[in-house]
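Reviewing the structure listed below.
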Amino acid sequence: MNSTQRQGKAIVIGGSMAGLLAGRVLADYYEEVLIIDKDEFPGQQPEDRLGVPHGFHPHRFTNRGKEITEKLFPGYEEELVALGSPSSLNKTAHMMSQYGTVSNPYPRNDIKFSRAALEWVIRGRVKQIPQIRLLPKHDVLQLVTTSDRTAITGVQ
């Protein structure tokens, strides 16, 4: 965590992965972080959301994405595994093209997960950060600015 004094408020528009990660980082610098999303968040278990139309297919992180997410949310992969997300360690990877197929053992321990499961785990972690508040089922209509429009002061 940042050693400077937290002050002020930050607003994040959108509570998907980018918004959740941004909220986590901003919590190190601001005394209050509000994450606003138009969707209702799932309540009892991971579920696909209307605002995430690309969430239906399998997901995994690149090495760098995995490293960053682990730094921000240590142990998140264990929660994904507990939800049933499988590891690819020692599985066979098949790469196909018009020239043929190559099959090799997959050497990395990557967790494959649904977007719903990933958001569920990360949102659960974000909810535990005291200075973050989630505001689902709200639309942001416009940005509120200073009279000279040089700074954004809020949202409507």
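Per-residue answers, yes or no, for (1) among the small types (G, A, S); (2) in a helix (DSSP H, G or I):
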| site | (1), (2) |
| --- | --- |
| R64 | no, yes |
| I68 | no, yes |
| K71 | no, yes |
| L80 | no, yes |
| S85 | yes, no |
| N90 | no, no |
| M95 | no, no |
| T101 | no, no |
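Listed here are the residues, each with its yes/no results for (1) in contact with a Lys or Arg (Cβ under 7 Å, 6 or more places away or on another chain); (2) loosely packed, with under 12 Cβ neighbours inside 10 Å; (3) among the acidic types (D, E); (4) over 30 Å from G43 (Cα atoms).
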{"residue": "S103", "(1), (2), (3), (4)": "no, yes, no, yes"}
{"residue": "P107", "(1), (2), (3), (4)": "no, yes, no, yes"}
{"residue": "R125", "(1), (2), (3), (4)": "no, no, no, no"}
{"residue": "Q128", "(1), (2), (3), (4)": "no, yes, no, no"}
{"residue": "D139", "(1), (2), (3), (4)": "yes, yes, yes, no"}
{"residue": "I152", "(1), (2), (3), (4)": "no, yes, no, yes"}
>> Criterion first (touching a Phe, Trp or Tyr at 6+ places or on another chain (Cβ under 9 Å), hydrophobic (A, V, I, L, M, F, W, C) and either without any contact (Cβ under 8 Å) to a residue 60 or more places away in the chain or within 19 Å of G23 (Cα to Cα) (or both)) does L89 satisfy it?
In response: yes
>> Between G43, G19, which is among the small types (G, A, S) and open to solvent by less than 20 Å² (accessible area, probe 1.4 Å)?
In response: G19
> With respect to the numbered conditions (1) over 13 Å from the mean Cα position of the chain (by Cα); (2) among the hydrophobic types (A, V, I, L, M, F, W, C); (3) surrounded by 10 or more Cβ atoms within 10 Å (Cβ to Cβ), which one is the sole condition not fulfilled by M96?
Replying inline: (3)
> Which of the residues belonging to segment 1-56 are part of a helix (DSSP H, G or I) and farther than 23 Å from V81 by Cβ?
Replying inline: A18, G19, A22, G23, V25, L26
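Table: residues versus (1) open to solvent by 20 Å² or more (accessible area, probe 1.4 Å); (2) farther than 16 Å from S114 by Cβ.
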| residue | (1), (2) |
| --- | --- |
| V52 | no, no |
| P58 | yes, no |
| R64 | yes, yes |
| E67 | yes, yes |
| E70 | yes, yes |
| E78 | yes, yes |
> Does K127 satisfy the criteria of being within 17 Å of D39 (Cβ to Cβ), under 18 Å from the mean Cα position of the chain (by Cα) and of a type in the set (D, E, K, R)?
Replying inline: yes
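The values are calculated or read from the model by the stated rules, or taken from the named source; none is laboratory data. All of these numbers come straight from a predicted model, not from anything done at the bench. All Cβ positions, glycine included, derive from the backbone under ideal geometry; neighbour counts span all protein chains shown. Note: areas computed on protein heavy atoms with side chains; ligands, DNA, RNA excluded. Shrake-Rupley method; radii C 1.70, N 1.55, O 1.52, S 1.80 Å.
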